[in-house]
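Only one structure is covered here, and it is reproduced in the block below.
The values are calculated or read from the model by the stated rules, or taken from the named source; none is laboratory data. Since this is a predicted model, take the numbers as computed values, not measurements. Here the Cβ is made from the backbone with ideal geometry for all residues, glycine too, and neighbour counts use every protein chain on show.
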Amino acid sequence: MIDIAGNIERVLSRIECAARKAGTDASEIKIVAITKTHPAEVLIEAYRAGLKCFGENKVQEAEAKFARLKNIAPDIDIERHFVGHLQTNKINKALKLFDLIQSVDSFKLGSGISKRAKLEGREVDILLQVNTSAEDSKFGVAPDKAVDLITELAQLPHLRIRGLMTIGAFLPEAEMTRPCFAKLRHLSEQIKKLNLPKVKMEILSMGMTNDFEVAIEEGANMVRIGTAIFGPRE
Ligand SMILES: *Cc1c(COP(=O)(O)O)cnc(C)c1O
């Protein structure tokens, strides 16, 4: 059995330490608990232990999980983030399921979301995913294309761009990932100065189980944590 409540406590105290080191307030750092591959029951346990925000990376899996959640725990009210690669043919479903899409990395995807949001008469919160590690296998816009893309996305009337997201390079030591996070923070500061309409650089989503402390030291105010809370995935 995995001690989810205990794991959450340990993650919280690690966040406290990192925040202290960074001179920031730990209470301003939001945990997105990543429940991919884990069942709804596990999510409920984390919710009862105090977490309110959850992330999934596959639309289909999330759809089934959230339906089951509604069935077995209709009282719980969570914030839901999408953190995976979103295919344009899944936009409609994703907008029904999620409060924030963290992984917008192309104009095509952004305009698809905006179009759908228009039909539904609402605005959708998104983050721009940036590929700070320059690893081919990863999604995200290249850092040197990010300003152009965000300037284009800012024209879309039904998007609210709330910040940036990145996945750090997978390196043997967390410390080696620091330049990725520093790059995202610089980019966010650069974009802030442009004062683009509908663009607010209020969220810096960076840091996972292996590197969230370094990310916090570099200014993350949203960390996406799976393994440290729920144990290893199959
Ligand atoms: C799986 C995943 C995470 C969480 O990873 P852990 O290493 O298990 O903490 C965070 N962000 C994204 C985008 C993911 O796909």
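For the reader, a short list of remarks on this structure follows.
- Matching residues, segment 66-75, being of a type outside the set (Asp, Glu) and either farther than 10 Å from Phe54 by Cβ or exposed (fewer than 14 other Cβ atoms within 10 Å of the Cβ) (or both): Ala67, Arg68, Lys70, Asn71, Ile72, Ala73, Pro74
- Taking segment 217-229 as the range and being more than 17 Å from Leu51 (Cα to Cα) and within 14 Å of the ligand (Cβ to nearest atom) as the test, only Ala220 passes.
Okay, residues lined up against (1) away from the ligand (no atom under 16 Å from the Cβ); (2) over 26 Å from Ala26 (Cβ atoms); (3) of a type in the set (S, T, N, Q):
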{"residue": "Leu119", "(1), (2), (3)": "yes, yes, no"}
{"residue": "Gln129", "(1), (2), (3)": "no, no, yes"}
{"residue": "Leu156", "(1), (2), (3)": "yes, yes, no"}
{"residue": "Met165", "(1), (2), (3)": "no, no, no"}
{"residue": "His186", "(1), (2), (3)": "yes, no, no"}
{"residue": "Ile191", "(1), (2), (3)": "yes, no, no"}
{"residue": "Leu204", "(1), (2), (3)": "no, no, no"}
{"residue": "Ala215", "(1), (2), (3)": "no, no, no"}
{"residue": "Gly231", "(1), (2), (3)": "no, no, no"}
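- Filter result (part of a helix (DSSP H, G or I), buried (at least 23 other Cβ atoms within 10 Å of the Cβ) and of a type outside the set (Val, Ile, Thr)) within segment 200-229: Phe212, Ala215
- Flag if Gln87 is of a type outside the set (A, V, I, L, M) and more than 15 Å from the chain's Cα centre (by Cα): yes
- The criterion of being more than 16 Å from Ile161 (Cβ to Cβ) and in contact (Cβ under 8 Å) with a residue 40 or more places away in the chain holds for Ala49.
- Among residues of segment 81-96 that are over 18 Å from Phe66 (Cα atoms), those with a Cβ under 8 angstrom from a residue that is surrounded by 15 or more Cβ atoms within 10 Å (Cβ to Cβ) and polar (S, T, N, Q), sequence gap 6+ or separate chain, pair up as His85/Asn57; His85/Ser103.
- Residue pairs whose Cβ atoms lie under 8 Å apart, separated by 6 or more positions or on different chains, with the first residue in segment 24-36 and farther than 24 Å from Glu63 by Cβ and the second near the ligand (Cβ under 10 Å from one of its atoms), are Ile29/Val223.
- On the stretch given as segment 141-169, residues that are more than 17 Å from Glu218 (Cβ to Cβ) and under 19 Å from the mean Cα position of the chain (by Cα) total 9.
- Residue within segment 48-60 that is closer than 20 Å to Pro74 by Cα, away from the ligand (no atom under 16 Å from the Cβ) and either buried (at least 18 other Cβ atoms within 10 Å of the Cβ) or hydroxyl-bearing (Ser, Thr, Tyr) (or both) present: no
- Test for Ile44: is it within 20 Å of Arg160 (Cβ to Cβ), in contact with a helix residue (DSSP H, G or I) (Cβ under 8 Å, 6 or more places away or on another chain), not in a loop (DSSP other than H, G, I, E, B) and not polar (S, T, N, Q): no
- Whichever residue in segment 132-174 is among the charged types (D, E, K, R) and part of a loop (DSSP other than H, G, I, E, B) and, among such residues, is modelled with the highest pLDDT: Glu173
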